[in-house]
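These notes are about the structure you will find just below.
The values are calculated or read from the model by the stated rules, or taken from the named source; none is laboratory data. Predicted model only: the values in this text are computed from it and were never measured. Positions of Cβ are generated from backbone atoms using ideal geometry, with glycine treated the same way; all protein chains shown enter the neighbour counts. Calculation scope for accessible area: heavy atoms of the full protein, side chains included, ligands and nucleic acids excluded. Shrake-Rupley method; radii C 1.70, N 1.55, O 1.52, S 1.80 Å.
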Amino acid sequence: MGLETKPDFICLTGDFITNGAPFDPIWYETLLRRLPSRAPCFAVLGNHDGGYWARINGGFGSTVEVSELLRRSGIPVLKNRAVDVEIRGQRLRLAGVGDYWSREGTGAAAFAEPTDPAV
């Protein structure tokens, strides 16, 4: 239903997986691929998506698995980085910080000048 509104861009805000829930990466990738085919799409990871907190609570020990799933789905992860996008002729800077509980957050890097070209 959300894609029917024809969004200008899509921001996914983490916790793509939940501890104890089945994780089928092929099903998930198929679902996620629909998003960037409709609008520019960006993601940040949440505390369930890997790292220190997730590991001690039964999840992935690193954020690699979920980051790779998003990459294969065509969705860049904004972990400690920013990108400039153009939406309806207006420049917009999107910044993402690594998750605090994964111990990967670096705010200074996230809000530095983007290194990627504008999308």
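Worth pointing out:
- Between A108, A112, A82, A43, the distinction of being in contact with a helix residue (DSSP H, G or I) (Cβ under 7 Å, 6 or more places away or on another chain), of a type in the set (G, A, S) and either open to solvent by 30 Å² or more (accessible area, probe 1.4 Å) or touching a residue at least 40 places away in the same chain (Cβ under 8 Å) (or both) belongs to A43 only.
- Members of segment 60-109 that are part of a helix (DSSP H, G or I) and more than 25 Å from Y28 (Cβ to Cβ): G107, A108, A109
- Selected residue (only one of R34, R38, R55 is modelled with pLDDT of 90 or more and either surrounded by fewer than 13 Cβ atoms within 10 Å (Cβ to Cβ) or out of contact with any Pro (no Cβ under 9 Å at 6 or more places or on another chain) (or both)): R34
- Count of residues meeting criterion [under 24 Å from V83 (Cα atoms) and touching a residue at least 40 places away in the same chain (Cβ under 8 Å)] in segment 10-40: 9
- Scope segment 1-20; condition part of a loop (DSSP other than H, G, I, E, B), open to solvent by less than 50 Å² (accessible area, probe 1.4 Å) and under 20 Å from R72 (Cβ atoms); matching residues: G14, F16, I17
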